Amino acid sequence: EDKVVQSPLSLVVHEGDTVTLNCSYEVTNFRSLLWYKQEKKAPTFLFMLTSSGIEKKSGRLSSILDKKELFSILNITATQTGDSAVYLCAVEAQGGSEKLVFGKGTKLTVNP
Amino acid sequence: ETGVTQSPTHLIKTRGQQVTLRCSSQSGHNTVSWYQQALGQGPQFIFQYYREEENGRGNFPPRFSGLQFPNYSSELNVNALELDDSALYLCASSPYGLAGGGTDTQYFGPGTRLTVL
């Protein structure tokens, strides 16, 4: 069965800190790994990763995928209170529907 | 904002009742997926519709059913509601990429919070 495990489940930091969120996965016929940010309701898309070792960046956020070791990390530098949210990792398998298998998420709290 | 809309935003029902949730896809997207997110959990895949046909289903009982319409909007129907059906129901739309061999991001709507008493 396809599985995604995120760690830590919860993290509290101070503004300005750098954080690393982890996502490991087991999936048959891996196709892509996605990161989403969920503040209140709708998960908002951050990154889609399909190739190993290629870092994707968007402002203070970056992410990289290791398909050999089956994990991904999401880095946030110089955190701000607005980064407080649940960060969800999901994987998509090839074949059939484009279903996403999500982890439980990492709840990040950034204190001023 | 993604352009995916859902209605209603909140809903309270009692056990045994039936509910219909609605989703309008982002313009140009012909695939809609539905997810259930219980409190403190990640979203779980219910099913997906592509061009009005079911295109994959998660581990949910038959009392969860859906429809997709010619304009690609979609409905999720749940019969015989149970307390454990209380959750945030999310729909996500994407342009279907498998035919072209590519991957397409799923964009989520704001969700419907369903409470079953």
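Please treat every number below as a calculation from the coordinates, not as lab data. Nothing here was measured: the structure is a model prediction, and the numbers come from that model. Glycine also receives a Cβ, built like all others from the backbone with ideal geometry; neighbour counts cover every protein chain displayed.
Tabulated data for the structure shown
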quantity	calculated
Relative counts (whole %) of C-alpha pair distances in chain A, using bins that are 5 Å wide	2, 13, 24, 25, 19, 10, 5, 2, 0, 0
Proximal lysines to residue A:104, defined as alpha-carbon separation beneath 20 angstrom and excluding residues fewer than eight positions away on the same chain	A:3, A:37, A:40, A:41
Positive minus negative residues near residue A:107 (Lys, Arg vs Asp, Glu; Cβ under 12 Å)	0
Zone of residue A:29's modelled label, taken as backbone nitrogen in the range B:54-89 under 16 Å from a point 7 Å along Cα→Cβ	B:55-58
Where labels lie 7 Å past Cα in the beta-carbon direction, separation of residue A:44 and residue A:67 in nm	3.0 nm
Kirkwood Rh (inverse of mean 1/r, distinct Cα pairs), the protein assembly as shown, angstrom	18.0 Å
About the Cα centre, charge dipole magnitude for chain A (Lys/Arg +1, Asp/Glu -1 at Cβ), debye	200 debye
Neighbour count of at most 15 Cβ within 10 Å plus DSSP loop: longest trypsin sites (Lys or Arg not before Pro)-free window in chain B	B:64-117
FRET efficiency for residue A:58 and residue B:51, using Cβ-Cβ distance with R0 set to 30 Å, rounded to 0.05	0.40
Shape call, chain B: gyration tensor on alpha carbons, a/c limit 1.5	prolate
Residue list for the range A:1-20, given a label point 7 angstrom along the Cα-to-Cβ vector of residue A:78 and an amide N cut-off under 18 Å	A:14-20
Once exposed loop GluC sites (Glu not before Pro) are cut out (DSSP; at most 15 other Cβ, 10 Å), longest piece of chain A	A:70-112
Cβ neighbours within 10 Å from other chains - mean over B:37-49	5
